[in-house]
Amino acid sequence: MTGPTLAAKVVAWQRLHGRHGLPWQGSRDPYRVWLSEVMLQQTQVSTVLDYFPRFLARFPTVVALAAAPLDEVFGLWSGLGYYSRARNLHRCAQVVVAEHGGAFPPHSTALAELPGIGRSTAAAIAAFCFGERAAILDGNVKRVLTRVLGFDEDLASATATRRLWALAEGLLPLRDVDVYTQGLMDLGATVCQNRRPVCERCPLADACVARASGAPLAFPVKTRKLKRGRRENAVLWLQRGGEVFLVQRPALGVWAGLWSLPEYAGVQALEAAWADSPGHGDWLPPIAHALTHFDWTLHTLAWRLPLASAPPEDLPTGRWVSVDTALTMGLPTPVRRLLDDQAGRRGTSAAGPQPDGL
């Protein structure tokens, strides 16, 4: 299949069968497209559908986002996971306002220089908003192109990835690049799926090398796998009256900048620190939590201080806040679950939790 034929089939399929009702579609506003692209990284569309309108309602423009405190951005992002996206989103908004007068640059090369915007996201913004002939290569598009082309080079190699980028650029149509780009994304998300491709619904099936080989799941090829680690800690869920004690995580590392529970090296360290403290505590069932690079087991001690008692002097610097206030703050998913349970709100959060990432 030639490039023009492939593009024409993708465009025709998208217009008839692609997704058209998503709230960020049909817009040439770079702010809305950028926001949706960042939210959709490693996150399902169904989850983003809940977060996107609420985020826009609070931050309707890049200027509003740039002016907001990072804590407030984290609060609205809480539950989406991969919080480095929220930090980069805020920083990028500030750069757009400070260095570009509040207007996103109209070219993919300039967009890719902004914080948190990689080559593929920059191309998507440029294609959808400015009509630039720029190729995207997110996970969905890699899957579609490697299968259709039979591209069997290992994408763990930078050389192979550069070759796939070149092929993607060579397939770009001369017109309707926005429809073509959306079509590739839709094919990967709804038809050419990771584990269950629906080949009979694909407009490229007749020319698909992977389908002809009988092994579509063998593509894309990527041999280097992340070695997951394991970690175990204890956290203190300290309550006094209707308030809970939270500490802000360091600016670097896991859950950077989020508000969380005081953390201890392990169960024995936490028990020793609170052995002579007023009040009483109970150990909750361990929390098994998956992050990007490791699995984390958190042992939670729920401790209630009497109202008239002062906490130990060696308690880390933090804040006493009501549960309602805490739920508006940027919280890691396990902490939000605990507070939701206490408030009787489990199931009323915006969406199911995403892996927290870093």
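Structure notes:
- Here the label points at H17 and D29, each 7 Å from Cα along the C-beta direction, are separated by 3.2 nm in the simple model.
- Of all DSSP beta bridges confined to the chain, the antiparallel ones make up roughly 60%.
- A simple rule links phi to the HN-Hα coupling: the Karplus curve 6.51 cos²θ - 1.76 cosθ + 1.60 with θ = phi - 60°, which for the range 217-223 gives 6, 6, 10, x, 8, 8, 8 Hz, with x for Gly and Pro.
- Over the range 275-329: Rg over Rh, Cα atoms, Kirkwood Rh: 1.03
- Most mobile of E271, E37, E132 in a GNM of the chain (Cα contacts under 10 Å): E271
- In percent, rounded to a whole number, the relative contact order of the chain is 21, using alpha-carbon pairs under 8 Å and six or more apart.
- Restricted to Cα atoms, the range 10-162 shows a radius of gyration and a Dmax of 16.1, 47 angstrom.
- Helix 177-190 axis versus longest C-alpha principal axis of the chain: approximately 60°, rounded to the nearest ten.
- Value of [θ]222 nm, deg cm²/dmol, for the chain, DSSP H segments ≥ 4, -39500 (n - 2.57) each, nearest 500: -12500 deg cm²/dmol
- Taking amide H atoms as placed 1.01 Å from N in the peptide plane, the amide H of G150 lies under 5 Å from those of V209, A210, each 5 or more residues away in sequence or on another chain.
- With the charge dipole of the chain set up from +1 on Lys and Arg Cβ and -1 on Asp and Glu Cβ about the Cα centre, the Cα lying farthest toward the positive end among the listed residues L16, V73, Q239 is that of L16.
- Rh by Kirkwood over Cα pairs, then Stokes-Einstein D for the range 229-343 at 1.002 mPa s and 20 °C, µm²/s: 147
- Beta bridges from DSSP with both residues in the range 229-343: antiparallel share about 60 percent, rounded to the nearest 5.
- 13 Å beta-carbon shell around A168, net charge (K/R +1, D/E -1): +4
- By the beta-carbon count within 10 Å of each Cβ, the least crowded to most crowded order of I287, I117, I125, fewest first, is I287, I117, I125.
- For G330, distant residues with modelled amide H under 5 Å away: G75, W259
- For a label point 7 Å along the Cα-to-beta-carbon line of N194, residues of the range 112-155 with backbone N under 12 Å: 139-140, 143
- For the chain, a Kirkwood radius taken over Cα pairs fed into Stokes-Einstein (25 °C, viscosity 0.890 mPa s) yields D = 108 µm²/s.
- Shape call, the range 170-248: gyration tensor on alpha carbons, a/c limit 1.5: prolate
- Sorting H299, H90 by the number of Cβ atoms found within 10 Å of their own Cβ, with the fewest placed first, yields H299, H90.
- Within the listed set Y83, Y180, Y264, the Gaussian network model of the chain (springs between alpha-carbon atoms below 10 Å) gives the highest mean-square fluctuation for Y264.
- Residue-count net charge about D186 - beta-carbon cut-off 11 Å; Lys, Arg +1, Asp, Glu -1: +2
- Modelled spin labels at R91 and R133, positioned 7 Å past Cα toward Cβ, are 3.5 nm from each other.
- Folded to 0 to 90 degrees: helix 333-343 orientation relative to the chain principal axis, Cα: 50
- Dipole size of the range 161-306 about its Cα centre, with +1 on Lys/Arg Cβ and -1 on Asp/Glu Cβ: approximately 660 debye, rounded to the nearest 20.
- Computed from label points 7 Å out along Cα-Cβ, the spacing between S322 and W165 is 5.2 nm.
- The lysines within cross-link reach of K9, meaning a Cα-to-Cα straight distance under 22 Å and a gap of 8 or more places when in the same chain, are K142.
- Charged-residue dipole, Cβ positions (Lys, Arg, Asp, Glu), the range 36-130 about Cα centre, Debye nearest 20: 80
Only the coordinates and a few stated rules stand behind these numbers; no lab work does. Predicted model, so just to flag it, every value in this text is computed and none were measured. For neighbour counting, all protein chains shown are included, and Cβ atoms are generated from backbone atoms with ideal geometry for every residue, glycine included.
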